[in-house]
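Single-structure report; data block below.
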């Protein structure tokens, strides 16, 4: 699999406005993209951090994946996203190597990206997101 740069670190938060203020005021990061992704049950902010992003994700409902994560583990690092040139090809290669995937096929992510998640069981306890740039604008 051809892995590109670190795309983002996803951080689950309960209060998106408070988290935004913290990252803007303390770390000096700037929001470059904001989106509500109903299909994933999240409201997200992307903040540019060098060549990558910090992605703040807040649940739209307690029974969403991020809502369940927060109830079980509390706020903190939720996942790590890596850029790949072709999510479908990467998934096919990883499945052939018997990696456990959450998404059997690519799906649409924020800003028009194409994404898929790898199960933490196959990645030493880390939820990994594969990200292929799309036609949208993330900043």
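Derivation of every value follows stated rules applied to the coordinates shown; laboratory data play no part. Given the structure is predicted, the values throughout are model-derived calculations rather than measurements. All Cβ positions, even for glycine, are placed from backbone atoms using ideal geometry, and neighbour counts span all protein chains on display.
Just a few scattered comments:
- Fully extending the segment from residue 39 to residue 121 would add 27.2 nm, taking 0.36 nm per residue of separation and subtracting the current Cα-Cα distance.
- Beta bridge orientation in region 6-132: antiparallel %, DSSP, nearest 5: 75 percent
- Gain upon complete extension [residue 93, residue 60; 0.36 nm per residue less C-alpha separation]: 8.6 nm
- Relative protection proxy for 108-114, 55-61, from highest mean packing down: 55-61, 108-114 (other beta-carbon atoms within 10 angstrom).
- For the chain, the Kirkwood hydrodynamic radius from C-alpha pairs, put into Stokes-Einstein at 4 °C and a viscosity of 1.567 mPa s, yields a diffusion coefficient of 85 µm² per second.
- Pairwise centroid distance, computed over Cα atoms, of region 82-139 with region 14-74, Å: 19 Å
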